[in-house]
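In what follows, a structure is listed as structure tokens, so that the remarks can point back to it.
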């Protein structure tokens, strides 16, 4: 009797696993197809484009698509511009968001709770409501058609979401470390630079990854603030490239792939921090 | 964290004498003042940002919405005229509301439900599951411009993979996905469903936070898989579902980049898609503000969207009391 039940359970478990796997594989095919199509198209020559069944592994592989598209679309310049903006803004966000988060997490001052609830309220603020007045502000400052609107605001707190994320992390650090340092005569500035930041590498990495993606992928802000093609980012450059009539799909896919690659590389290298960030942001709200 | 860690960090406490205590209290009040000052210094960059890049523009936008403003000459006071024009004389606005609502309705709920089902599937303990998790998450990190470029090709009426497959396998002639007013919004929904990984990963985190003990206890009591899902999983992750739902609604009401890119194939023209079928709320704000330089009118449109989103969020929080389960509330 008993062994029958165990065998029955095992059979049921096997059937369940088989069902799970088949569903997973079907869905995986659906989700992966566009990405595979992106990669394979970018390596095709004209004769392999309109064939049925579709060509998934092109023979011969045409690497030249990348080179012709890269030079024709002026992508070296866009790549450089995007890198400058992304790195410049990331530094500001990491610095000022961690500062604010340290203030909210560890230092007591009158009005702290009130200011923190204001911060939480700004998390819910739809971005469109400040879009036009912010544009007017930057126009009046003479910042249009420069990288300034894309970099400088990052040095003013770096975004409520990142402050919130870092504060959550800072509060999990044992308070005794900070108390001991204070008793030993360390100022809060020393504590911030020499104790807090080194201890917070995982959380700072999380913010760095999110910030990287935010700026690398951003489309609306560059669209609004930048006019001259020599100041375009990759996102604007790719859009311009797509609108050129002589561009072939292979070249379009090649450039879309090149824009995506850094994001995927960063994701694979820092996957653990990435998931951690999602957990921290989603659950402890 | 286990208790032994805590014990090693705990500081030795020695009783203080009377003068020591007085010295400490003076020292500590100075310390408190010092700490408060440092606190303000540390949050100062954020606070300045709040004033200049959030609160200032927020209020300025309300003011602009009551004026006629082209961004060059000073704003001219109109009172509520912009709002009256938007609501009563602007059929394009109502078209934008309709298109946006269509998209929100067609993408948010399926996204929330499919994302949850996908997360449940990916929460199964089978070998190689992390590979699948990564695979389903990847599309949601692809830059919007790149993924739109990819979908413009896949959904192309003549050269696209989708229509080619429909024709070769099912002998069906596929629609002109991106150039027909009937199919442009469904195309957008297809694009958005490819990215449900972002919601899925939040659910997955929620599912892994459900204590195993609850399932074990329920299994001992003889509860089947379906009952366990209905009575344990669903209530325990209802705050996560609520979070994804709120973010989903706020996000899809404000969707811009893919709509603009799919609708704006004519570079240098106001983007709205075939027969204005991709004229969405934020696209309309963009066209009015940055294409026709009607900053006042565009601000009124933005403020209306803000008001609608606040009302919707408020209603959802009220409704949430009926279906979202918070552990701490019961404990209290």
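Let's see how each residue does on (1) assigned by TED's automatic domain parsing to the domain that holds residue A:135; (2) under 17 Å from residue A:97 (Cβ atoms); (3) in contact with a strand residue (DSSP E or B) (Cβ under 7 Å, 6 or more places away or on another chain); (4) surrounded by fewer than 16 Cβ atoms within 10 Å (Cβ to Cβ):
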site	(1), (2), (3), (4)
A:192	yes, yes, no, no
A:196	yes, yes, no, no
A:204	yes, yes, no, no
A:211	yes, yes, no, no
A:215	yes, yes, no, no
A:237	yes, no, no, no
A:246	yes, no, no, yes
A:253	yes, no, no, no
A:263	yes, no, no, no
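Restricted to helices (runs of 4 or more DSSP H) entirely inside segment A:208-273, those with at least 1 residues that are closer than 14 Å to residue A:70 by Cβ and within 11 Å of chain B (Cβ to nearest Cβ) are A:234-243, A:249-269. For segment B:274-320, a tally of residues being part of a helix (DSSP H, G or I) and either over 23 Å from the mean Cα position of the chain (by Cα) or not assigned by TED's automatic domain parsing to the domain that holds residue B:92 (or both) returns 10.
Name the single residue, out of those in segment A:106-127 being modelled with pLDDT of 95 or more, within 26 Å of the chain's Cα centre (by Cα) and facing chain B (nearest Cβ under 10 Å), that is surrounded by the fewest Cβ atoms within 10 Å (Cβ to Cβ). Top of the filtered list is A:118. Scanning segment B:117-126 for residues that are closer than 17 Å to residue A:16 by Cβ and more than 9 Å from every other protein chain (Cβ to nearest Cβ), we see that the one that is modelled with the lowest pLDDT is B:125. For the residues A:125, A:115, the requirement of being in a helix (DSSP H, G or I) and free of Cβ contacts under 8 Å to residues at least 40 places away in the same chain singles out A:115.
Of all residues in segment B:147-161, none are more than 12 Å from every other protein chain (Cβ to nearest Cβ), surrounded by fewer than 21 Cβ atoms within 10 Å (Cβ to Cβ) and under 26 Å from residue A:274 (Cα atoms).
With respect to (1) surrounded by fewer than 22 Cβ atoms within 10 Å (Cβ to Cβ); (2) more than 12 Å from chain A (Cβ to nearest Cβ), the lone exception for residue B:278 is condition (1). Residue under question is residue A:220, and the condition is that it be surrounded by 19 or more Cβ atoms within 10 Å (Cβ to Cβ), at pLDDT 90 or above, touching a helix residue (DSSP H, G or I) at 6+ places or on another chain (Cβ under 7 Å) and in the same structural domain as residue A:146 (by TED's automatic domain parsing); does it hold? No; evaluated as a whole, the condition is false for this residue.
Taking (1) crowded, with 18+ Cβ neighbours inside 10 Å; (2) out of contact with any helix residue (DSSP H, G or I) (no Cβ under 9 Å at 6 or more places or on another chain); (3) in a loop (DSSP other than H, G, I, E, B) in turn, residue B:164 satisfies each apart from (3). For segment B:177-192, the set of residues classified as surrounded by fewer than 18 Cβ atoms within 10 Å (Cβ to Cβ) and either outside any helix (DSSP H, G or I) or in contact with a strand residue (DSSP E or B) (Cβ under 9 Å, 6 or more places away or on another chain) (or both) consists of B:179, B:180, B:181, B:182, listed by residue number.
Of the helices (runs of 4 or more DSSP H) lying entirely inside segment B:57-161, the ones with 2 or more residues being under 30 Å from residue A:55 (Cα atoms) are found at B:129-137, B:144-154. Being crowded, with 18+ Cβ neighbours inside 10 Å and either touching a residue at least 24 places away in the same chain (Cβ under 8 Å) or farther than 30 Å from residue A:161 by Cα (or both) is not true of residue B:120. Every condition in (1) over 24 Å from the mean Cα position of the chain (by Cα); (2) facing another protein chain (nearest Cβ under 9 Å); (3) at pLDDT 95 or above is met by residue B:90 except one, and the failing one is (2).
Filter segment A:38-58 down to residues that are in contact with a helix residue (DSSP H, G or I) (Cβ under 6 Å, 6 or more places away or on another chain) and within 8 Å of chain B (Cβ to nearest Cβ) and give me whichever is farthest from residue A:253 (Cα to Cα). Result: A:52. Here segment B:162-203 is the region considered, the condition is being at the interface with another protein chain (Cβ under 10 Å from one of its Cβ atoms) and more than 31 Å from the chain's Cα centre (by Cα), and the residue that is nearest to residue B:240 (Cα to Cα) is B:165. Assess whether residue A:103 counts as being at the interface with chain B (Cβ under 7 Å from one of its Cβ atoms) and either modelled with pLDDT of 95 or more or closer than 26 Å to residue A:210 by Cβ (or both). Yes, satisfied.
The values are calculated or read from the model by the stated rules, or taken from the named source; none is laboratory data. Being a predicted model, the structure only gives us computed values, none of them experimental. In this analysis, Cβ positions are derived from the backbone assuming ideal geometry, glycine residues included, and neighbour counts consider all displayed protein chains.
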